[in-house]
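Following: one structure in structure tokens, then a few remarks.
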Amino acid sequence: MTHASPQERSDIRTQATDAPSLLRIAGLPYFLIAFVARLPFAMMVVGVLTVVVSARGSLSLGGLTSAAVGLGTACFGPLLGAAADRFGQRTVLLILAIANGAMLVLFTVVVYAGAADALVLLSAFGIGATAPQVAPMSRSRLVTMIADRMPEAVRTRTTSGTMAYESAADETVFVFGPFIVGVLASVLAPWAPLVGAAVLTVVFVGAFALHPSARAVSAHRDSDGRAPSAVSELFSARLLIVVVGILGVGMFFGTMLTSLTSFMADRGAPEQAGLLYGVMGVGSAILALGVAWLPARFSLRGRWLVFSGILLAGSVLLLFVDTPAMMMLALAIMGIGIGPTLVTQYSFGAARSPLGRSATVMTMLGSGIVVGQSLGAAVAGELAENAGTGSALLLPIVAAGIAFAAGVVNWRLSATAPRVRSERASVA
């Protein structure tokens, strides 16, 4: 093992001190636009469920419709990421902003027009298929900026901090997205959240597409947009285990919110479910931001195991919850684990992205969350309606178990696999 000389260490410190911040490189307006632009994505699943239950009076159809949104995202999300890697984000996002806004309005018309259930499901699939995944695209842009425009000495810490911010932003919109849906549906009409999401999509996703950062293309791509890495690298065990882990987190989001709603409905206050859910969401966002300040010796693979273990331990408390106060305690503990787990998984995704395919990988991970959330919500709703709240509350435990088990497998893969490209020692 070689050691840096005093002069080399001094040069590294100078690079770190003189390096421009990511905020200066991207600009404050970028972060504001990217934050608002991801709100419609967080409103879609709940908004679709709200409209269908209100117009058709069927919780079962509502759950299937939400699952159809997730299925559309699963089928097309990674392909859209690959298109963004190949042709640039601007063109892809502009097309999606218009298409998704139109699909949201079309879905609302189809539901209220009394069309066949099959047409309702098909239009919901279209919403998911055209969903502009701003969060993964934003992560890809920022990772590209870090890799191409920042010194080597600060890339690892900056990437960790960036993933922490992005995950905290996701947590915030996934808490406030359902809240906004509830407010618009209550104050205006059940269809209002989807129309509002359509407007936000066209305006802010369009602005996100037109932002100068959309021109940021990985230096690893050639003049024709081709990547030097093979497509087969996207299916490596080290990357797929991250997708499985993040799918578990998405399932946790969907099953927890749905079973929590059933829990509060049993107590005559279903409208308070969002407030209790916020206890977990706010704590999770704060802890997600705090990950950037964890010491480097607390490795990424160690963080995944520790924080997903906390999530699993908190979810096991659901077996003993019988009051809202106890539920709040369980949610607070789970909030400690969920945010840092998500940050760590995205950090692994960034480190293990094949050269020139960061947008593809980030949309794979983003799709994993949405698919897990949609399927989890659909299964939990069906179970709560037919077998009761107690049965539905078992599902978050299963989802947390999947995230933890993936962390165990990742620990083994990180220890035995050879180092690649940008995966630093902090991953091991």
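The values are calculated or read from the model by the stated rules, or taken from the named source; none is laboratory data. Note that this is a predicted model, so its numbers are computed, not measured. Cβ coordinates were reconstructed from backbone atoms using ideal geometry, including for glycine residues, and neighbour counts include every protein chain displayed. Heads up: the accessible areas ignore ligands, DNA and RNA and are worked out on the full protein's heavy atoms, side chains in. Shrake-Rupley method; radii C 1.70, N 1.55, O 1.52, S 1.80 Å.
List of remarks:
- Most to least accessible of Val173, Val306 (protein chains only, probe 1.4 Å): Val306, Val173
- The ellipsoid equivalent to the alpha-carbon distribution of the chain has semi-axes of 35, 26, 18 angstrom, derived from the gyration tensor eigenvalues as √(5λ) and listed largest first.
- Percent accessible area from carbon and sulfur atoms, the chain, protein chains only, probe 1.4 Å: 70 percent
- Against the chain, whose longest principal axis comes from its Cα atoms, helix 358-387 is set at around 30 degrees.
- Qualifying trypsin sites (Lys or Arg not before Pro) in region 296-404, where qualification requires a DSSP coil assignment and no more than 15 other C-beta atoms within 10 Å, comprise Arg297.
- C-alpha long axis of helix 59-87 to longest principal axis of the chain, angle in °: 20 degrees
- Label zone at Ala415, where the point sits 7 Å out along the Cα-to-Cβ direction: region 316-358 residues whose backbone N lies under 20 Å: 345, 348
- Nearest-10 value in Å² for the accessible area of Glu166, using the 1.4 Å probe: 0 Å²
- With K and R counted +1 and D and E -1, the other residues having a Cβ less than 15 Å from that of Val111 yield a net charge of 0.
- Put Thr360, Thr159 in order of accessible area, highest first, and with a 1.4 Å probe you get Thr159, Thr360.
- Given charges at beta-carbon only (K, R positive; D, E negative), |dipole| of the chain in Debye: 1180 debye
- Which of Tyr30, Tyr165 is most accessible, then next, and so on - probe 1.4 Å: Tyr165, Tyr30
- Between region 362-387 and region 63-115, the Cα center-to-center distance that results, in Å: 17 Å
- Spacing of the two label points (7 Å from each Cα toward its C-beta) at Glu385 and Leu329, in nm: 3.4 nm
- Counting heavy atoms of the protein chains alone, Leu184 has an accessible area of about 50 Å² for a 1.4 Å probe.
- Degrees, to the nearest 10: 6-18 long Cα axis against longest axis of the chain: 40 degrees
- Amide N of region 147-189 lying under 19 Å from the label point, which is placed 7 angstrom from the Cα of Leu32 along Cα→Cβ: 166, 169-170, 173
- Accessible solvent surface per residue of the chain, calculated while the other protein chains remain in place, 1.4 angstrom probe, Å²: 40 Å²
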